[in-house]
1. Testing the spin-label approximation: label points 7 Å from Cα along Cα→Cβ at V27 and N5. State their distance in nm.
2. Between A109 and A323, take the C-beta separation as r, use R0 = 35 Å, and let me know the FRET efficiency to the nearest 0.05.
3. Per 0.36 nm of contour for each residue apart, how much would the distance between A131 and V289 grow if the chain were fully extended, relative to their Cα-Cα spacing?
4. Order of R233, R163 from fewest to most other C-beta atoms within 10 Å?
5. Hand me the trypsin sites (Lys or Arg not before Pro) from segment 252-340 located in a DSSP loop with no more than 12 other Cβ atoms within 10 Å, in residue order please.
6. Answer with one residue from T212, A121, A294: the one whose Cα lies farthest towards the positive end of the charge dipole of the chain, charges on Cβ with Lys, Arg +1 and Asp, Glu -1.
7. Please give the calculated 222 nm ellipticity per residue for the chain, where each DSSP H segment of at least 4 residues contributes -39500 (n - 2.57) and the sum is spread over every residue; nearest 500 deg cm²/dmol?
8. Counting DSSP beta bridges with both partners in the chain, what percentage is antiparallel, nearest 5?
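Only the coordinates and a few stated rules stand behind these numbers; no lab work does. Owing to the predicted nature of the structure, the values given are computational and were not obtained by experimental measurement. Cβ sites come from the backbone with ideal geometry, for glycine too, and all protein chains shown count toward neighbours.
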Amino acid sequence: MSGSNLLVVLTGSIAAAKACDVISRLVQRGHRVRCVATEAALRFVGPATLEGLTGAVPMAEMFAAGAALEHIELTRWADAVLVCPATANTINHLAAGLADDLPGALFLAHDRAKPWLIAPAMNPAMWAHPATRTAVERLRSWGVRFLPVAEGRTACGEVGEGRLAEPPVIVAAVEAAVARPARRLRVLITSGGTAEPIDGVRVLTNTSTGATGALLAEHFVRCGHDVTLLRARSAERPDVACREETFFTFADLDAALARRLAAEPFDAVIHAAAVSDYGVELVDAAGRVQPAGAGKLDTDAPPLLRLRSHPKLLDTLRARAIAPLRVVAFKLTCGAPGTEASAAVRAIFARSHADAVVHNDLTARGPAEGDFPASLHLPGGVVRACATRGELAIALEAWLVAEPPLAPEPIENRESKIENPHASLS
Ligand SMILES: Cc1cc2nc3c(=O)[nH]c(=O)nc-3n(C[C@H](O)[C@H](O)[C@H](O)COP(=O)(O)O)c2cc1C
């Protein structure tokens with residue numbers, strides 16, 4: 001990526017030292033960084049550190065001699081602004097639209113077509129306070145993008161949400177905000193395994209880790225696409241900020257897909273989730289039959305489970321969408337010979353009308369993180385061999401961006417779909 005002009009605003013948090021790591025990484029990645037620091041921020045990091053990292057003297061005062069109009073010049077210069085770390089004070093200040101200091105004046109003067117990102121850092125009580133919550137919502141409604149806060153022990157010894165996100169997450173979010181893909185796609189990714197309740201505490205599930213879904217989300221966000229991730233509760237979280245919703249059971253994922261696809265015109269769904277083919281219908285505990293998901297079984301004799309088949313969510317995606325959609329399916333085999341694997345992929349193209357199918361075989365998975373070979377099957381019999389999850393992400397993104405947008409469907413077709421989005425489930 002050729003470098004961007006980035007303005008980093010530091011405010012008075014103990015995490016200001018961590019922000020120096022962020023600045024250093026941005027500079028090393030070829031971006032031109034300039035800093036603004038509040039008076040409180042300069043109690044935590046010295047101006048010499050910021051000058052040393054960026055090669056430019058940090059701005060701190062609105063009325064500095066010779067730099068009185070700097071806030072206008074800086075907002076014109078910057079491709080994106082990052083407030084990092086952002087204190088509760090500054091977040092509330094910005095939400096109130098006050099311009100009595102340099103960050104406030106910059107915020108009001110900045111061109112709102114350009115990204116303004118905020119990486120909050122504060123103690124959990126400050127983050128949870130209604131004043132801060134209201135300010136965050138207000139700023140979001142004005143288009144400000146918030147990075148997720150991390151959970152854990154804060155400097156004040158309290159445990160909870162409010163820690164500054166890790167530097168690689170912040171760098172990825174900034175680069176995603178300034179990335180300009182040839183075509184910005186709206187992508188919905190499903191990830192991780194569903195769980196099927198037996199009783200109130202036990203589930204049937206699978207071994208999906210959600211690593212592929214997380215990596216795909218990271219890659220698409222970094223390329224500048226708009227990503228929504230439907231992630232199993234237990235699945236790996238991506239190292240980037242994107243819209244996320246978690247699911248637990250098949251029914252949760254089914255409902256989330258129906259809602260999301262009916263609300264937003266996605267360009268593609270990458271359906272990487274491992275969805276259980278069966279759910280538990282009835283549990284027979286020593287002759288006492290009860291519905292799944294109720295109470296807690298407490299018999300010594302193992303219960304008998306009656307399972308029911310789930311519909312294939314993959315087959316329902318297009319009918320639920322309000323816009324024409326490219327569908328990417330996943331097929332996992334376990335030690336299948338080549339001919340069997342090809343037949344399985346062909347069956348998905350035929351049955352589900354997927355536009356692309358990713359095939360991997362469990363026995364090919366390597367010991368290293370990301371080391372999971374896959375073949376990407378595209379229309380016209382084209383197959384791309386990908387040695388790692390990373391290569392798969394690159395190949396998928398390149399293919400989806402290169403494909404021309406799908407023409408809108410005739411209104412009459414669309415209306416009949418919207419009327420009954422669950423048609424294929426009934
Ligand atoms: C040691 C120390 C650490 C602090 N850390 C934070 C913090 O992480 N987040 C926060 O919102 N405020 C923190 N504060 C309080 C802010 O520095 C204070 O509200 C200040 O007025 C913020 O000014 P600014 O937003 O203009 O930088 C801390 C204060 C001290 C003394």
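1. About 1.9 nm separates the two model spin labels.
2. 0.45
3. Length difference between fully extended and current span is 51.8 nm.
4. The order, fewest Cβ neighbours first, is R233, R163.
5. Here the trypsin sites (Lys or Arg not before Pro) that fit, given the DSSP loop and packing criteria, are K296.
6. T212
7. After summing the helix terms and dividing by the residues of the chain, the value is -10000 deg cm²/dmol.
8. For the chain, the DSSP antiparallel bridge percentage is about 35.
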